[in-house]
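Take a look at the structure below.
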Amino acid sequence: MPTSQDRANAIRALSMDAVQRANSGHPGAPMGMSDIAEVLWRDHLRHSPNNPDWVNRDRFVLSNGHGSMLLYSLLHLTGYALSIDDLKNFRTLGSKTPGHPEHEYTPGIETTTGPLGQGLANAVGFAIAERMLSAKFNAGRFNLIDHNTYVFLGDGCLMEGISHEACSLAGTMGLGKLICFYDDNGISIDGQVDGWFTDDTVKRFEAYGWQVISAVDGHDADAINDAIVAAKADKNKPTLICCKTIIGFGSPSKAGTASCHGAPLGAEEILATRKQLGWNYGDFEIPDDIYKEWDCSDKGNALEQEWNDQFIAFSEDHSDQADELKRRLNGDLPKDFDKVMQDYITECTEQAVDMASRKASENALQVLGPILPELVGGSADLAGSNLTRWKGSKAINATDFDGNYIDYGVREFAMSAIMNGITLHGGFIPYGGTFLMFMEYARNAVRMAALMKQRTIFVYTHDSIGVGEDGPTHQPIEQLTSLRSTPNLNTWRPSDTVESAVAWKNAVSRKDGPSALIFSRQTLKHQERSAAQVKDINRGGYILKDCDKEPELIIIATGSEVGLAMDSANILADKGVAVRVVSMPSCELYETQEADYKESVLPSAVVNRIAIEAGHPALWYRYTGLSGRVIGMETYGESAPGNMLFEHFGFTTENVVEQAEELLEVTPKGV
């Protein structure tokens with residue numbers, strides 16, 4: 001009968017073979033962590049290979065995602081729909097086995113990992129979501145939501161600053177079902193880490209409030225098992241299991257060195273490794289008895305059936321709750337969502353109130369919150385400025401997870417990555433706020449939300465030099481361009497209460513990607529619209545003000561500059577200029593519209609165009625053409641009241657009118 005070492009060696013063999021065939025990859029971590037993986041996946045992980053989306057499965061995150069062949073090997077061996085040919089196609093175009101694990105590419109991949117530390121932060125989100133969902137739906141004899149989140153991580157994850165942000169919060173939250181395995185092999189790409197990483201990791205995590213199990217032999221199955229048992233026994237603290245391992249375990253000449261971290265072992269070394277491990281099989285060859293030992297399909301089916309039986313009984317006793325759980329896990333919105341939000345948008349249109357769009361956002365949340373119990377808010381210590389709390393917000397804490405709000409503290413990066421984990425877990429729609437300027441701290445997590453096509457909502461306030469006296473450190477310039485250049489991210493910069501309500505409705509309704517909602521600190525003027533214009537807000541760009549004939553000039557604007565565009569257009573109209581104003585709250589949505597619609601909004605024959613936005617101008621030349629003009633920010637701001645700064649940097653009707661008249665003189669109508 002195969003031993004635990006034999007089963008672990010199957011992972012090592014598949015990993016080194018796949019990396020060798022691809023002539024690219026990282027064999028060291030998979031070979032070093034195979035023994036840990038063997039114990040966890042066969043003896044502790046509750047999962048169902050035939051249904052990777054089973055609700056109550058344990059979540060497994062490979063935060064050190066460069067070791068992807070470890071995870072692919074595990075999925076293949078335990079019975080997921082990942083064939084040996086898929087492993088042979090590692091890192092090839094269109095394969096199910098890309099260089100780093102990617103969510104939805106491969107069955108069983110919970111989150112896309114590679115940028116180190118973010119998988120760990122995602123896992124904190126998984127663990128929070130599990131606690132929140134269990135607090136809401138576990139009742140009496142029913143324990144529907146009860147699973148652990150397991151994480152593999154390495155030195156690189158712990159060196160990245162996001163690990164501090166996320167793990168500090170995890171300790172404060174008392175996430176006892178979060179269990180992490182630290183691959184303490186002393187090696188990173190540049191060699192021995194003791195030249196640049198000498199932290200006392202044990203004391204660090206103890207200071208966070210974690211249970212730490214130190215000095216575990218990562219190649220001793222019994223020691224690993226004992227550590228997991230101890231970790232699962234502590235329900236009040238997350239656990240870090242520090243495993244001493246040898247990177248590239250089994251390789252005679254490369255084990256324990258950086259040379260096996262990110263490069264194939266080489267054909268000769270693989271032969272020598274097979275001999276040293278006693279693995280007497282060919283490339284990608286796994287004997288039937290080892291496959292049989294690894295296969296978890298029947299066990300997974302039994303676990304899932306047991307849960308299904310419990311859910312049937314739960315449905316009989318709590319039918320409404322059962323229906324609600326199914327709805328939320330499916331990511332569906334309540335049946336009355338569209339009507340409630342459309343009524344609110346109509347109300348905003350009729351009330352015609354001037355206000356800061358951050359306040360308009362808060363008002364939208366007052367409508368969304370009561371009808372969306374899955375909406376989970378938060379802020380990076382700026383709730384009073386971001387206005388992310390609504391009247392029904394209730395913060396969760398270590399002793400009470402029956403809430404809908406997370407106080408993230410000053411942790412913009414972790415907040416964003418944790419939200420991604422909450423979304424991936426299922427059952428929630430998270431949103432979190434900070435100043436637009438500090439999106440920079442979280443930039444890569446925003447990108448990962450877009451890459452994974454997750455419904456995560458990023459709320460950014462204090463959107464321009466209108467921040468005022470805080471000065472250029474807090475005044476965003478290039479951030480809007482950065483967000484808009486991110487594939488699959490919808491960025492909204494609404495101009496008033498109506499556009500803000502539409503932006504929120506669109507972000508919540510969208511199931512195939514994240515949204516960034518950009519709101520102002522300063523008061524914005526309400527804009528009058530017809531019902532048709534309100535409907536066209538959903539197109540991302542639309543005609544807000546038009547003229548009786550073909551326009552001589554088109555002014556395009558977003559956010560606070562829409563009011564400026566309207567005032568300027570009125571002055572120009574009084575001077576006899578046929579001018580059109582286009583509000584473009586979401587360039588991304590506008591670009592998805594049919595060509596005829598875009599031509600109707602921005603007719604190609606009208607070359608006189610001005611775009612106005614208190615941000616970097618680069619993107620707007622796409623709409624103005626090189627012959628048009630952009631009134632934007634090509635420098636950083638200054639410290640002064642916002643109204644003074646807008647005047648100082650040329651965001652005035654005088655400047656817009658002057659620019660328009662110069663443009664019309666240079667390019668008269670018909671030329």
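Summary of values
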quantity	calculated
Packing-based order for 480-489, 267-276, using average beta carbon neighbours within 10 Å, highest first	480-489, 267-276
For segment 138-259, average projected area of the Cα convex hull in nm²	8.9 nm²
Over segment 213-258 - Rg/Rh using Cα atoms and the Kirkwood inverse-distance radius	1.12
Heavy-atom accessible surface of the chain: percent carbon and sulfur, 1.4 Å	48 percent
GluC sites (Glu not before Pro) restricted to segment 22-121 and DSSP loop, no more than 14 other C-beta within 10 Å	104
Cα extents of segment 341-468 along the three principal axes, largest first (Å)	39, 36, 29
Listed residues 317, 567 arranged by accessible area, highest first, probe 1.4 Å	317, 567
Förster radius 30 Å - calculated FRET efficiency between residue 626 and residue 395 (Cβ-Cβ, nearest 0.05)	0.05
Spread of Cα-to-Cα distances over 10 Å intervals beginning at zero, given as percent, for segment 547-671	13, 46, 33, 8, 1
Solvent-free Debye scattering, log10 I(q)/I(0), computed from the Cα coordinates of segment 197-305 at q = 0.24 Å⁻¹	-1.20
Nearest 10 degrees, 0 to 90: helix 561-574 Cα axis against the chain principal axis	20 degrees
Cross-link table 339/545; 453/535; 535/575; 359/453; 453/598; 203/235, entries beyond 22 Å C-alpha to C-alpha	339/545; 453/535; 535/575; 359/453; 453/598
Residue-normalised accessible area of the chain, given per residue in Å² at a 1.4 Å probe	37 Å²
Karplus-derived HN-Hα couplings along segment 581-593 (A = 6.51, B = -1.76, C = 1.60, θ = phi - 60°), whole Hz, x at Gly and Pro	10, 10, 8, 10, x, 9, 4, 4, 5, 4, 5, 8, 6
Calculated P(r) tail over 34 Å for the chain, as whole % of Cα pairs	50 percent
Descending Cα extents along the principal axes, segment 1-70, whole Å	37, 29, 20
Distance histogram in 5 Å bins (all Cα pairs of segment 1-41, percent per bin)	5, 27, 30, 20, 11, 5, 1
Dipole-positive endmost among 240, 290, 209 within segment 174-307 (Cβ charges, Cα centre)	209
Assigned charges on the beta-carbon of Lys, Arg, Asp, Glu; segment 37-157 dipole about Cα centre (debye)	220 debye
Rg/Rh (Cα only; Kirkwood hydrodynamic radius) as it applies to segment 305-344	1.18
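The values are calculated or read from the model by the stated rules, or taken from the named source; none is laboratory data. These numbers were taken from a predicted model, which means no experiment stands behind them. A quick note on method: Cβ atoms are made from the backbone with ideal geometry, for glycine too, and the neighbour counts reach across all protein chains shown. What goes into the accessible areas is simple: the full protein's heavy atoms, side chains included, and nothing from ligands, DNA or RNA. Shrake-Rupley method; radii C 1.70, N 1.55, O 1.52, S 1.80 Å.
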